[in-house]
Amino acid sequence: MESYSYLHLGEPEDPSEYVVCKYRVTTDLTMEKAAEAIAAEQSTGTWTGISTLDRDIFDSLGARVTGIEGDMITVEYPAEDFSIEVGSVPQILSVIAGNLFGLGALKGVRLEDVSFPKSITSQFKGPKFGADGLREILGRPEKPLVGTIVKPKIGLSPEKTAEYVYEAGSGGLTNSKDDETLVDQPFCPIDERTVAVAEALDTLEEEGHLMVHAINVSTRGDRIVELAEQVQEWGAKQIMVDVITCGFGAVQALAEDPSIKVPIHVHRTMHGAFTKDPLHGIAMLPITKLVRMCGGDALHIGTLGAGKMSAGAHDGGNLAACLGDDVPYKTVMPVCSGGVHPGIVSDITGRAGMNVQIQAGGGVAGHPDGVVGGAKAMSQAVDAAFLGIPAEEYAKDHEELAKALAMWGSK
Ligand code: 3PG
């Protein structure tokens, strides 16, 4: 039986014809053997030689290991390994992030990055609105968007939710959203919530303040577009989807369906199951790239340092993947969320810049002056960061910010 080598070290393929993946590998094997095991398993091989593999198949479809640097390997997959079906993330993931994670010979393997050739990027449409579209809707061209997550994440009635949103808008916030676990529970039916929140937003608009609220439509795949259509009819101006629990296909179905005419806010709950371990799983960078391809208009990327969630090793890359111009799509609004309060806003803008949405749940609802006071404090913190004035300085004549800094400190 002929044997085949997947090693092509130092011979990078034409990136316009290959999907290029970077994997971090921990193994007792040599890196060459580990890399070959991945390339074989994910393309034309398996754990043993097979009589059914011939030279033609191997040459045209076999993955190539083109780089090994320390614990990082580069594997390049021919574009022909991927489905010609339009934009199939499930099949892409089965190739670049499939069986390899279970290979017993590898102690750990983490997909750190991926880049796609034009033949694949052209199958996707990207965001309909993107960061610029969201800014246009809100009439806020430059300042960071500033938002809240209605808290408690479950429990408020539709009326109380709408009251929270109205108070948040009165305090100056541009965005609010359902939390990831709220969809359509008996204490807060989605139809009643959407209608009540839409009324609150209309009142704010009549008072001269533009604000949007993302209604979470995360549900089973065969119902999500229909639910999104319904919430639009009930008055939603933005929808939210939990991309990891619903799947990339859910974002794509919503973004590509012509009946969906509102931006999609993408929450990443559950990502920590595979992004947190620095030596195993999938980094946020490939996830971010896929969300942009699939059409998410805004995506949670963490707080880039401070905050309640542990920081990912490659957060900076996520930001670039949202806003970079190296792909043929509109940009995605990066959303910094998770333990945010006014005291860390300037830390966030210092790392992320101003083209960002900063949002706080506890950091608004936990303010001693309630939601209005918390919203004012967050808005003031964003204004201070935008003006380049230290929060402590700005707080001298902004009472709500002063109270927030006294309560939670600053970074
Ligand atoms: C999120 O959706 O990011 C979290 O629910 C944020 O909540 P927090 O601001 O209270 O941490």
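The values are calculated or read from the model by the stated rules, or taken from the named source; none is laboratory data. Worth saying up front: this structure is predicted, and the values here are computed from it rather than measured. FYI the Cβ positions are ideal-geometry reconstructions off the backbone, even for glycines, and counts take in every protein chain you see.
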Notebook entry, point to check: Restricted to segment 164-199, and to residues that are of a type in the set (A, V, I, L, M) and surrounded by fewer than 24 Cβ atoms within 10 Å (Cβ to Cβ), which residue is farthest from the ligand (Cβ to nearest atom)?
Noted result: V195
Next item on the list: Report yes if P127 is within 21 Å of D297 (Cβ to Cβ) and either more than 16 Å from the ligand (Cβ to nearest atom) or modelled with pLDDT under 95 (or both), otherwise no.
Entry: yes
Margin query: in contact (Cβ under 8 Å) with a residue 40 or more places away in the chain and either farther than 21 Å from V327 by Cα or out of contact with any helix residue (DSSP H, G or I) (no Cβ under 8 Å at 6 or more places or on another chain) (or both): is that true of M240 in this structure?
Written below: yes
Check: Where in segment 310-411 are there helices (runs of 4 or more DSSP H), lying fully within it, with 2 or more residues that are within 16 Å of the ligand (Cβ to nearest atom) and touching a residue at least 12 places away in the same chain (Cβ under 8 Å)?
Finding: 315-323, 345-352, 362-365, 370-387, 399-408
Next item on the list: Could you figure out which of (1) within 21 Å of the chain's Cα centre (by Cα); (2) exposed (fewer than 15 other Cβ atoms within 10 Å of the Cβ); (3) under 19 Å from V150 (Cβ atoms) isn't true of G370?
Entry: (1)
Notebook entry, point to check: Tally time: how many residues in segment 368-393 are touching a Leu at 6+ places or on another chain (Cβ under 6 Å) and among the hydroxyl-bearing types (S, T, Y)?
Noted result: 0
